[in-house]
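Before any comments, here is the structure.
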Amino acid sequence: MLCEPFLTSRSESGWDIPMLAWRAEAPLLAVGSAPLGGGIGVRRWVLNATVPMSYDRDDPAAHLAELAHGLDLDGPGVGLLTGVDVSEVVRRTDGGVRVWATVGLGTPVWAAAPEPATVAPEPSAVPEPAPSAASEPARPAQHVGTVNIVVYVPVRLGDAALVNAVATATEAKAQAIWELGLPATGTPTDAVTVLCPADGDPAPYGGPRSAWGAPLARAVHAAVRSVGAGTVVPWSDRRAG
């Protein structure tokens, strides 16, 4: 079983930055799109770590592994990053399925957005000099825009059902976002992780009308919609006042 997460923090750049960690009572089978521990495999823990909006590391998996080591999270696990304050995690339960979500919808996008148009310059055109850093106007602060979803299903799911469960969670998230009135299906950095016991007879289905996919969809939908109805301030913006 996946226990309730514990809230902790790390000291980084003079800040105490929150982290949320789950420890499994026994190794769990997992599937997901997390930067660390994504794919399908047996996992022992999950870590959802807040980062400032200025985060620019290009090795998120290595960073998450360092954070996990600092928390004595041993063995293979799942690591997620977000600009959301993870202390604001939302929990929902439906039919034995448990869902935890940190929701930031500041950068909503359509999954199938058109490719940006490019216009070739006229052959005779003389390019204007690029503005210097001093003359470049200040850009507005980026609003937090990541939805991280962690799901625990209390029965073993077959591999196909695990993959289907990720699709079901994503569909439920997109439904909630649409109902909130946002012209989007998610954000560019969303991640989903579904975990279940590693042993037992595998349930074959994880779709939205299956025995376990249906409560999964309802729980994810309820979690995303409840948070998305309000305004989520990035953790680093809040800290800066």
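The values are calculated or read from the model by the stated rules, or taken from the named source; none is laboratory data. Keep in mind that this is a model prediction, so the values were computed, not measured. Every residue, glycine as well, gets a Cβ built from its backbone with ideal geometry; the counts of neighbours run over all protein chains shown. Just so you know, the surface numbers come from the protein's heavy atoms only, side chains and all, with ligands and any DNA or RNA stripped out. Shrake-Rupley method; radii C 1.70, N 1.55, O 1.52, S 1.80 Å.
Table for the structure above
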{"quantity": "Point-to-point label distance, ARG209-ASP16, nm (Cα→Cβ direction, 7 Å offset)", "calculated": "5.1"}
{"quantity": "Contact order normalised by residue count of the stretch 1-123, Cα under 8 Å, 6+ apart, percent", "calculated": "20"}
{"quantity": "Nearest-0.05 FRET efficiency for GLU25 and THR107, computed from C-beta distance (R0 35 Å)", "calculated": "0.45"}
{"quantity": "Spin-label model distance (nm) - SER226 vs SER87, 7 Å beyond Cα toward Cβ", "calculated": "1.9"}
{"quantity": "Net charge over other residues, Cβ less than 15 angstrom from the Cβ of ALA30 (K, R count +1; D, E count -1)", "calculated": "+2"}
{"quantity": "HN-Hα J in Hz across the stretch 45-61 - Karplus 6.51, -1.76, 1.60, θ = phi - 60°, x for Gly and Pro", "calculated": "7, 9, 10, 10, 10, 6, 10, x, 5, 7, 3, 9, 5, 9, 10, x, 5"}
{"quantity": "Amide H contacts of ARG156 (H built 1.01 Å from N, under 5 Å, at least 5 apart or other chain)", "calculated": "ALA203"}
{"quantity": "Other-chain or far-sequence residues with amide H under 5 Å of LEU36's (modelled H)", "calculated": "GLY79"}
{"quantity": "Rounded accessible area per residue of the stretch 180-221, 1.4 Å, Å²", "calculated": "46"}
{"quantity": "Among 7-20, 207-220, 32-45, 66-79, the order from most to least packed when residues are scored by Cβ within 10 Å on average", "calculated": "207-220, 32-45, 66-79, 7-20"}
